[in-house]
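One structure is given below, encoded as structure tokens.
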Amino acid sequence: MSNRLSSQQINDFIESQKAAWPLAADNFKALDGVRVKNVELPGWTVKVQFNPARIVSSGAKVDAKTIRERKCFLCEANRPAEQQGIDWGGRYTVLVNPFPIFPRHLTIPDKSHTDQLIAGRIADMARLAADLNEYTIFYNGPRCGASAPDHMHFQAGNSDFLTLAPALEDCELKTIATDGESVLALADSLPLRVFVIDAYSPEAAQRLFDRLYRAMPVPEGEREPMMNLLCYATAAGVRLVVIPRKRHRPSFYGTEGEGTMLLSPASVDMGGVFITPLEKDFDALDAETVIRVFDELCLNADEINRIASDVE
């Protein structure tokens, strides 16, 4: 399916879009001035970014009524004239994200207006990661940070940005299932428990993910298990990190009232970079709050172990 885009082609594309699109150029330039701090967790350093432009995403209304009444900003007909795209595989379009978190930030929507659901798309994700080997491809479930739950899309950002990947290098991985030389494992020694698939082909990644997917619970009212996904190239293939979720936003989400924070965690936050569009939240976010977010939004040890034991 891949038409073999390279990271260099995408890097050049980003620069051309910044030259032609003032909104994108201004927002990428603003990244030079964002404030960043480190929060130390057991075995993992998480970063916190104060990024006012991301209030568009963090504060996005994603209820059914709002989605029905707004034009889909990922459909070609509704995109700004300046926003150009590159075809990938005949099914997806690579776009520059005009509200970036990463120094190089992409949105990669399906060409058709179809719901944000991951079933059957892991091989695509793995091929994208192999093609764009300087980038981490990520997926936000429809209630796990996606601001466009009505239009299937991946995002991507330069792989040296997120901090979860290096933390996982030092973790013990407990093997759950294999597919030839490809392995599905559990990493449960960090404050965030995740499944890791090390795959030697996109097809093996899809097969192992499908086994995990069938074992994951589907909350009432949802169409798929709640999750965030990260996928990036390795020396031997690709690594897919599966972060099971059980809640959309923390109990203290909001802008009014003592103790509230405008935090709407998605793959980037779960990957080790918490985004705060409000300065008060940037100042207040600490290790205790980060761990509280993980505890509220993600599965506990018993729930994770139950999934692991149910993998066929």
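The values are calculated or read from the model by the stated rules, or taken from the named source; none is laboratory data. Owing to the predicted nature of the structure, the values given are computational and were not obtained by experimental measurement. No Cβ is skipped: glycine too gets one built from the backbone with ideal geometry, and neighbour counts run over all protein chains shown. Calculation scope for accessible area: heavy atoms of the full protein, side chains included, ligands and nucleic acids excluded. Shrake-Rupley method; radii C 1.70, N 1.55, O 1.52, S 1.80 Å.
Residues that are farther than 18 Å from Leu128 by Cβ and more than 18 Å from the chain's Cα centre (by Cα): which strands (runs of 3 or more DSSP E) entirely in segment 165-249 hold 1 or more of them?
174-179, 182-187
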Going residue by residue through segment 56-65, is there one that turns out to be assigned to a helix (DSSP H, G or I) and either modelled with pLDDT of 95 or more or farther than 24 Å from Ser159 by Cα (or both)? yes
Within segment 1-42, can you find the residues that are more than 21 Å from the chain's Cα centre (by Cα) and aliphatic (A, V, I, L, M)? Met1, Ala19, Ala20, Leu23, Ala25, Ala30
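Give the residues of segment 145-164 that are at pLDDT 95 or above, in a loop (DSSP other than H, G, I, E, B) and in contact with a Lys or Arg (Cβ under 8 Å, 6 or more places away or on another chain), sorted by residue number.
Scanning segment 145-164 gives Met152, Thr163.
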Name the single residue, out of those in segment 77-117 being in contact with a strand residue (DSSP E or B) (Cβ under 9 Å, 6 or more places away or on another chain) and of a type in the set (Asp, Glu), that is farthest from Ala25 (Cα to Cα). Asp110
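Here's the yes/no breakdown for (1) open to solvent by 40 Å² or more (accessible area, probe 1.4 Å); (2) aliphatic (A, V, I, L, M):
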position: Pro191; (1), (2): no, no
position: Val218; (1), (2): yes, yes
position: Glu224; (1), (2): no, no
position: Tyr232; (1), (2): no, no
position: Leu240; (1), (2): no, yes
position: Arg249; (1), (2): yes, no
position: Glu256; (1), (2): yes, no
position: Gly259; (1), (2): yes, no
position: Ser267; (1), (2): no, no
Being assigned to a helix (DSSP H, G or I) and more than 27 Å from Tyr213 (Cβ to Cβ) narrows it down to one of Asp302, Asp283, so name that one. Asp283
Kindly indicate whether Ile137 is assigned to a strand (DSSP E or B), open to solvent by 40 Å² or more (accessible area, probe 1.4 Å) and closer than 21 Å to Arg207 by Cα. no
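Return the only residue of Thr114, Thr163, Thr93 being among the hydroxyl-bearing types (Ser, Thr, Tyr), touching an Asp or Glu at 6+ places or on another chain (Cβ under 9 Å) and farther than 24 Å from Pro225 by Cβ.
Sole residue among the options that is among the hydroxyl-bearing types (Ser, Thr, Tyr), touching an Asp or Glu at 6+ places or on another chain (Cβ under 9 Å) and farther than 24 Å from Pro225 by Cβ: Thr93.
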